[in-house]
1. Among (1) under 18 Å from the mean Cα position of the chain (by Cα); (2) free of Cβ contacts under 8 Å to residues at least 40 places away in the same chain, where does B:Val307 come up short?
2. Could you tell me which of the residues B:Thr250, B:Thr225, B:Thr258 is within 12 Å of chain A (Cβ to nearest Cβ) and either part of a strand (DSSP E or B) or more than 20 Å from A:Asp82 (Cα to Cα) (or both)?
3. Of all residues being in contact with a helix residue (DSSP H, G or I) (Cβ under 6 Å, 6 or more places away or on another chain) and more than 7 Å from chain B (Cβ to nearest Cβ) in the stretch A:194-204, which is farthest from A:Gly238 (Cα to Cα)? Just the residue, please.
4. Considering only strands (runs of 3 or more DSSP E) fully contained in the stretch B:16-69, which possess at least 1 residues that are touching a residue at least 24 places away in the same chain (Cβ under 8 Å) and under 24 Å from B:Ala112 (Cα atoms)?
5. Quick one: in the stretch B:359-378, of everything that is crowded, with 21+ Cβ neighbours inside 10 Å and not basic (Lys, Arg), which residue is farthest from B:Phe49 (Cα to Cα)?
6. Select from the stretch B:205-222 the residues that are more than 9 Å from chain A (Cβ to nearest Cβ), under 13 Å from A:Gly87 (Cβ atoms) and not in a strand (DSSP E or B) and list them in ascending order.
7. Within the stretch B:257-281, which residues are crowded, with 22+ Cβ neighbours inside 10 Å and over 21 Å from B:Gln221 (Cα atoms)?
2 protein chains.
Amino acid sequence: MFKKETYIARRAELARKMEGRGLIVLPGHVESPVNYRGNTYHFRQDSTFLYYFGLSVPGLAAVIDTDTGEATLFGNDFTVDDIIWMGPQPRIGDLAASVGVMRTAPFAAFAAGVGEAVARERKVHFLPPYRGETKLLLGTMLPAGAAPSVDLIRAVVSMRDKKSDEEIEQIEEACATGYEMHTLAMSMCHLGVTEREIAGAIEGVSLQRGWGVSFHPIVSQHGETLHNHNHSGVLEAGRMLLVDAGAEATSGYASDFTRTIPVGGRFTARQKDIYDIVLAANNLAFDIATPDVRYVDVHLASARVLVDGLRSLGLIRGSIDDAVAAGAHSLFMPHGLGHLMGLDVHDMEDIGENYVGYDEETPRSTHPSCSACRMGRRLEAGMVVSVEPGIYFVPALIDKWRSSEGAGGGTLGKIAAGFIDFARVESYLDFGGIRLEDDMLITPDGNRLLGARRVPITPDEIAKAVNG
Amino acid sequence: MFKKETYIARRAELARKMEGRGLIVLPGHVESPVNYRGNTYHFRQDSTFLYYFGLSVPGLAAVIDTDTGEATLFGNDFTVDDIIWMGPQPRIGDLAASVGVMRTAPFAAFAAGVGEAVARERKVHFLPPYRGETKLLLGTMLPAGAAPSVDLIRAVVSMRDKKSDEEIEQIEEACATGYEMHTLAMSMCHLGVTEREIAGAIEGVSLQRGWGVSFHPIVSQHGETLHNHNHSGVLEAGRMLLVDAGAEATSGYASDFTRTIPVGGRFTARQKDIYDIVLAANNLAFDIATPDVRYVDVHLASARVLVDGLRSLGLIRGSIDDAVAAGAHSLFMPHGLGHLMGLDVHDMEDIGENYVGYDEETPRSTHPSCSACRMGRRLEAGMVVSVEPGIYFVPALIDKWRSSEGAGGGTLGKIAAGFIDFARVESYLDFGGIRLEDDMLITPDGNRLLGARRVPITPDEIAKAVNG
């Protein structure tokens, strides 16, 4: 938690941006049950609530009145019996005061008060709910069919998208834990170890140092499966382990790194060829990202590096410019270069990716060259983004492209026919996938890598981290 | 997952118990979001769904028709695009066949089909929902105010409360991981280590060996705070660390152990006096628990051991029988001796503790001697229960009793005045609390401790586990 002046200033700025437009309604999280109400997951506060109110405590809600700028915190004080079971607990008034809020009320007054404002036809602004409990709560106080507020989304994004120095400090802390997690994974990357053992060990580190992982880690020899949380594999000779994992500091800020580690520490020549291309694409992003550059252009510049490399291996044909313009790289990297990071590892994804990663000047594109990019708009100093190029050989995707080519039709068929050497590509069907991800802060005159030390990334560094 | 015959037999038995009474509706779980929809907690299936359908996959639901005994599994097949991102996935038909279900339908047919049955005035039985997402789903298909089915609750409890050999094997696996977690905690229990480091390390072990913890571990030098998940403390000389933690096997079955470890491994004389009393109360339960004995009587027998010991230390006065009958022990152990265990660490707590731990013969009591007992009814072979006596010095509870005594009134005041030596008790206000918990299987002729080896518990074993 930051000092209370931070939260007072943030709320004042939000109220100013929304001035005269009614009530801003921010429900916090309740506990999230695993298999019965009393058995809960690690508590995680809603990030926007955390940003404006700083309190990682279940059962709170808040309202900001944009006419007066006044904030009210809603929550119930603990009873004597609660205190017997839970130990001494702060009172709501004390919690509120610790983040500079002067008005408090019991939790029941939240729904009642908002319901009353709705009845008096005051405008009520809320963000898209994503937890069932929040949806149920909003359902009790809002008219059926009430829609989340785009004005509020825009106002929140315009504040949360750039990080202050004290936020960067927290992200650096999460990066330090991420470093430990990844180097531990490397030290365990030996024949016969299970993916689950490594996933559990690194999640353990994140829990020892902070609030745990910033997302469920991917620890898989099938790096080509992008959303892979199956950790049942046993490490085999000749394969690579993709580890995509980050930590959450106790403040809620996230880190997010990916490394791809050969089992036993040494790449084969074929692996190293692909690895070097991905590493060059990652490094390039740090050479060129700077305020005012659009992130879609950084993505496309990295794609050029990928295409150049894949061309030299005979997997892509034709000119680099044409192949990138057509989106030929998206067979090998069917995702964007990165995303904003902050209190969420995909920052503000709950609010809506298109408001976070795009704007009027750079709307989301459906073109294959960047259709799956989470982030496209111009960079600004203070933004934190992930940089995560990859090359994957996804059998189902290669099939889809190849059959489009056979069918002779559609955009995909044309790219496939024009730029892909499927005979070569299919000789890589057993390859898996490589991704290399770092976290980048945009500075006034360029960018810098987050984390005191870069997580081992060159083949030599990796070999050393695996074999000690 | 067990073999499909197990699930076929379980569903047939449930249908028989509910024969001719309409539809049994069992929604499975969807993913549970942390801070946005795509960032989810570790998936945990609903335990009753897991018991009858064995599939730990999000987005499923099931209906059992008690007229025909027929089961239908609802869920959506993955699209080609899903498979590109998630790798090859089994089809719903294959999932269903793997647990002996012949009929499947798309997920949307679940709510539609149940809604239609409701419209035709068929009786629909469901269990109490505890996740927001499940409440929202049920809300779309059931009439407003529809109540969970007590018939179904009773039928499910009558099956899940006794464990088969294959279930016991799974609980033993969770116990083996629990053993590792606790001995690791002991080896770390040294001056200057943080509670968080230990909590994270043992949760890491549970993730390395299975699905993770069976509940959010308690790792605290304030063992007197019963629901304590604050792990910010640093281990101090002269204090004890209470560790209440268990693992969940990949099948979902739970273990649950508590140990109380002196920082550095050696108890002070005052700590050892109290520790020996709690250990004797734990051991006694294993001496007397056997089928047909009511668990409330095992609780009271353990309470006698506590009272006997506390009397010899001068904290309780009067006769042992009178003190236990009055409930004087509940100042020091304000909870019951244990609870049923199985797919949930508090087995079937979602369904309702009073149906699980009590029955018509042994209804829940409000008497102070066992008012907070989760489990009171007669033991039967195949039941798994926790055995967890404790002695705590809870300042807020001592205050409450003492002020009741002063006020001279009420049941509490009488117990306080009759049996408690507050001057002695208050000399222990800085003591903390001790709990010692093991897991017990009721066998046809008595009981046995679960786990291949008992987690170190004598002061000598503890000293060795701390100091190697």
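The values are calculated or read from the model by the stated rules, or taken from the named source; none is laboratory data. Computed from a predicted model, the values in this text were never measured in an experiment. Every residue, glycine as well, gets a Cβ built from its backbone with ideal geometry; the counts of neighbours run over all protein chains shown.
1. Here B:Val307 meets the rest and fails (1).
2. Values: B:Thr225 fails: either part of a strand (DSSP E or B) or more than 20 Å from A:Asp82 (Cα to Cα) (or both); B:Thr258 fails: within 12 Å of chain A (Cβ to nearest Cβ).
Sole residue among the options that is within 12 Å of chain A (Cβ to nearest Cβ) and either part of a strand (DSSP E or B) or more than 20 Å from A:Asp82 (Cα to Cα) (or both): B:Thr250.
3. Step by step, filter the stretch A:194-204, then rank; the result is A:Ile202.
4. Working: elements: B:23-27, B:33-36, B:61-65.
Answer list for the stretch B:16-69: B:23-27, B:61-65.
5. B:Cys370
6. B:Gln221
7. If the condition is that a residue be crowded, with 22+ Cβ neighbours inside 10 Å and over 21 Å from B:Gln221 (Cα atoms), then B:Ala281 is the only one that fits.
Every residue, every condition in (1) more than 14 Å from chain A (Cβ to nearest Cβ); (2) under 18 Å from B:Leu449 (Cβ atoms), yes or no:
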{"residue": "B:Glu361", "(1), (2)": "yes, no"}
{"residue": "B:Ser371", "(1), (2)": "no, no"}
{"residue": "B:Arg378", "(1), (2)": "yes, no"}
{"residue": "B:Gly382", "(1), (2)": "yes, yes"}
{"residue": "B:Pro389", "(1), (2)": "yes, yes"}
{"residue": "B:Val394", "(1), (2)": "no, no"}
{"residue": "B:Asp399", "(1), (2)": "no, no"}
